[in-house]
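The values are calculated or read from the model by the stated rules, or taken from the named source; none is laboratory data. What you see is a predicted model; the values in this text were computed from it and never measured. A quick note on method: Cβ atoms are made from the backbone with ideal geometry, for glycine too, and the neighbour counts reach across all protein chains shown. With ligands, DNA and RNA removed, areas are computed over all heavy atoms of the protein, side chains included. Shrake-Rupley method; radii C 1.70, N 1.55, O 1.52, S 1.80 Å.
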Amino acid sequence: MFSNPTNSIRPVSRWWGTLAFRLAAGYTLAGLFLVFLATASLYFVLVGELQKSTDLFLADKVNVLRTMLRERSNDWDALREEVELESAARQYEHFYIRLLDERNQPLLMTPGMAEQLDLLQFAGRTQGHPGRAIGMMGRRGQPFRAISTSVPVGSEAARTYAIQVAVDVSQKAALLARYRFSFWVILLATFAILPLFGYRIARHGIRPVEEMATTACHISSTNLRERILPEGYPFELASLASTFNQMLDRLEESFERISRFSADIAHELRTPVNNIRGEAEVALARTRSAGEYRGVIESSLEEAVRLSDLIDDLLFLARAESPLANLRRERIDVGELLGGVREYYEASAADGGVSLTTSIADEPVIAELDRTLVQRAVGNLVSNALAHTPPGGVVLLGMGVDSAGVDYSDGDLSNPDFFTVRIEVSDTGVGIPAEALPKVFDRFFRVDSSRAHASGGTGLGLAIVQSIMLLHGGRVEISSQPGQGTRVTLRMPAFSTPSCSN
């Protein structure tokens with residue numbers, strides 16, 4: 001998969017470059033959309049506010065004239081000042097007023113109104129919208145807001161006059177035009193600048209991921225020392241980089257373990273095969289007697305049995321470490337199981353002059369365990385203890401339960417309290433040096449290689465014990481004092497825990 005990391009870096013780099021451009025394009029479009037949305041919203045708000053202020057101005061003028069005609073209908077001087085003189089005093093926002101009688105004859109009109117507005121068009125446009133402001137164009141093309149309404153004259157409202165008011169909004173139109181120009185300038189500037197910033201942000205954001213990908217491309221079965229330096233990364237990516245490095249540490253450790261295991265297998269298999277081959281070659285070198293041939297065959301058989309045991313142990317370890325490995329749990333009496341193991345090894349213990357005893361609780365301890373596997377684990381421990389205990393020594397099998405206040409004697413599996421079964425195998429043998437204790441569960445590890453070969457051991461016994469405990473969800477503990485003996489403790493849950501995956 002990673003056999004040619006150098007050639008795979010270039011496609012990865014091109015892919016990250018393409019991703020950076022895509023991200024930059026996404027940032028640019030998103031930025032343009034947001035800027036467009038913000039400026040367009042502000043523009044329409046401004047248009048609405050300006051129109052609203054103009055319409056309020058027109059409504060205010062109409063209201064002033066309505067009040068004057070109702071309360072001071074004969075005060076023509078005040079009306080003339082309001083209609084003809086006030087607009088002339090304004091410099092920027094000019095407005096025009098025309099007052100019509102009941103026969104639509106002009107009574108008062110702001111000077112210059114006829115030159116600025118088409119009065120017929122004014123009347124026609126406002127006739128269908130009485131009392132409402134509308135937009136219209138003047139004679140010179142300037143924009144106006146206009147309103148026309150009828151008002152009663154005098155306190156008795158005996159007559160009705162028409163008021164026409166128009167205000168020049170050219171200044172406001174010019175303001176909106178400048179705003180639109182600025183709007184397009186901002187959009188163009190945003191379109192020119194955002195891609196640059198977007199690309200820089202994208203490159204900066206994907207740099208850690210790109211470095212992770214590059215590191216992954218360098219990794220192969222012969223190169224597992226590459227690591228990612230998470231300094232300067234964001235917290236999320238720094239956590240990802242640390243997790244990636246931990247994964248690489250585990251992979252490197254696994255590959256090293258496999259390499260050592262392969263070398264150990266080759267060594268362990270080569271020894272009995274070479275012995276069988278050597279004995280056969282010596283036997284065939286010259287004619288020998290039947291007794292000599294028988295001795296060669298017996299020796300070869302011993303080596304073949306040792307080789308078969310080694311292969312069986314390796315196959316068992318491979319099956320135990322498989323994710324598909326299943327336990328055949330059954331309710332068993334742990335004390336009865338230990339008694340059976342003691343009976344099986346009692347003859348071997350007697351031959352070696354070792355006392356093999358058990359310490360079993362008075363009340364039965366019922367647990368859900370795989371009988372065959374637990375027997376094998378305890379048997380391996382007893383076999384090791386007998387092999388390393390001198391004549392006159394003692395090997396003791398003990399058991400117990402690690403949980404206070406639990407009534408387990410009735411074998412009630414519905415008891416919700418969690419407790420573990422404890423099985424101990426202790427001896428008064430030669431013991432294990434302190435520096436060797438962390439390694440005793442490694443495959444093919446032997447504290448004394450010559451003694452182990454003499455006893456026919458494969459160096460896999462404790463590794464098998466540990467695998468069996470892991471299958472049961474338990475663990476193995478070992479303590480030892482050189483010259484005083486060794487104690488191995490097995491701890492495992494008494495009952496299986498329901499699996500969530502099912």
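Figures for the structure shown
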{"item": "Yes/no for L37 being part of a helix (DSSP H, G or I) and touching a Pro at 6+ places or on another chain (Cβ under 8 Å)", "result": "no"}
{"item": "Selection count, region 349-393, where residues are open to solvent by 40 Å² or more (accessible area, probe 1.4 Å) and touching a His at 6+ places or on another chain (Cβ under 9 Å)", "result": "0"}
{"item": "Any hit, region 149-167, residues being under 29 Å from D75 (Cβ atoms), open to solvent by less than 40 Å² (accessible area, probe 1.4 Å) and without any contact (Cβ under 8 Å) to a residue 40 or more places away in the chain", "result": "no"}
{"item": "Pairs where the first residue, in region 191-218, is closer than 22 Å to Q246 by Cβ and the second is exposed (fewer than 15 other Cβ atoms within 10 Å of the Cβ), C-beta under 7 Å, 6+ apart", "result": "T214/I9; C217/F2; C217/I9"}
{"item": "Filter result for I163 (outside any loop (DSSP other than H, G, I, E, B) and closer than 30 Å to M68 by Cα)", "result": "yes"}
{"item": "Boolean, R72 is under 34 Å from the mean Cα position of the chain (by Cα) and either touching a residue at least 40 places away in the same chain (Cβ under 8 Å) or open to solvent by 30 Å² or more (accessible area, probe 1.4 Å) (or both)", "result": "no"}
{"item": "Residue check for E302: in a helix (DSSP H, G or I) and either open to solvent by less than 80 Å² (accessible area, probe 1.4 Å) or at pLDDT 85 or above (or both)", "result": "no"}
{"item": "Failed condition for I193, given (1) in a helix (DSSP H, G or I); (2) open to solvent by less than 50 Å² (accessible area, probe 1.4 Å); (3) not charged (D, E, K, R)", "result": "(2)"}
{"item": "Test result for R66, of a type in the set (D, E, K, R), in contact with a helix residue (DSSP H, G or I) (Cβ under 7 Å, 6 or more places away or on another chain) and under 15 Å from V151 (Cβ atoms)", "result": "no"}
{"item": "L338 being within 28 Å of L373 (Cα to Cα), in contact with a strand residue (DSSP E or B) (Cβ under 6 Å, 6 or more places away or on another chain) and not in a helix (DSSP H, G or I)", "result": "no"}
{"item": "Of all residues making up region 218-233, the number that are more than 24 Å from H204 (Cα to Cα), among the hydroxyl-bearing types (S, T, Y) and open to solvent by less than 70 Å² (accessible area, probe 1.4 Å)", "result": "1"}
{"item": "Meets criteria (out of contact with any Phe, Trp or Tyr (no Cβ under 6 Å at 6 or more places or on another chain) and modelled with pLDDT under 90) for F21", "result": "yes"}
{"item": "Meets criteria (among the basic types (K, R) and either open to solvent by less than 30 Å² (accessible area, probe 1.4 Å) or within 22 Å of S53 (Cβ to Cβ) (or both)) for R140", "result": "no"}
{"item": "Residue in region 108-133 that is nearest to G48 (Cα to Cα), counting only those that are among the hydrophobic types (A, V, I, L, M, F, W, C), outside any helix (DSSP H, G or I) and open to solvent by 20 Å² or more (accessible area, probe 1.4 Å)", "result": "A133"}
{"item": "Matching residues, region 197-232, being within 24 Å of the chain's Cα centre (by Cα), modelled with pLDDT under 75 and outside any helix (DSSP H, G or I)", "result": "G232"}
{"item": "Any pair with Cβ under 9 angstrom, 6 or more apart, that starts in region 111-129 at a residue that is within 18 Å of L58 (Cα to Cα) and in contact (Cβ under 8 Å) with a residue 60 or more places away in the chain and ends at one that is surrounded by 15 or more Cβ atoms within 10 Å (Cβ to Cβ) and of a type in the set (G, A, S)", "result": "none"}
{"item": "Candidates F36, F95, filtered to the one that is open to solvent by 50 Å² or more (accessible area, probe 1.4 Å), in contact with a helix residue (DSSP H, G or I) (Cβ under 9 Å, 6 or more places away or on another chain) and modelled with pLDDT of 85 or more", "result": "F36"}
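Let's see how each residue does on (1) out of contact with any helix residue (DSSP H, G or I) (no Cβ under 9 Å at 6 or more places or on another chain); (2) closer than 26 Å to A387 by Cα; (3) at pLDDT below 75; (4) open to solvent by 60 Å² or more (accessible area, probe 1.4 Å):
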{"position": "L413", "(1), (2), (3), (4)": "yes, no, yes, yes"}
{"position": "D417", "(1), (2), (3), (4)": "yes, no, yes, yes"}
{"position": "V425", "(1), (2), (3), (4)": "no, yes, no, no"}
{"position": "I432", "(1), (2), (3), (4)": "yes, yes, no, no"}
{"position": "L437", "(1), (2), (3), (4)": "yes, yes, no, no"}
{"position": "L460", "(1), (2), (3), (4)": "no, yes, no, no"}
{"position": "S467", "(1), (2), (3), (4)": "no, yes, no, no"}
{"position": "F495", "(1), (2), (3), (4)": "yes, no, no, no"}
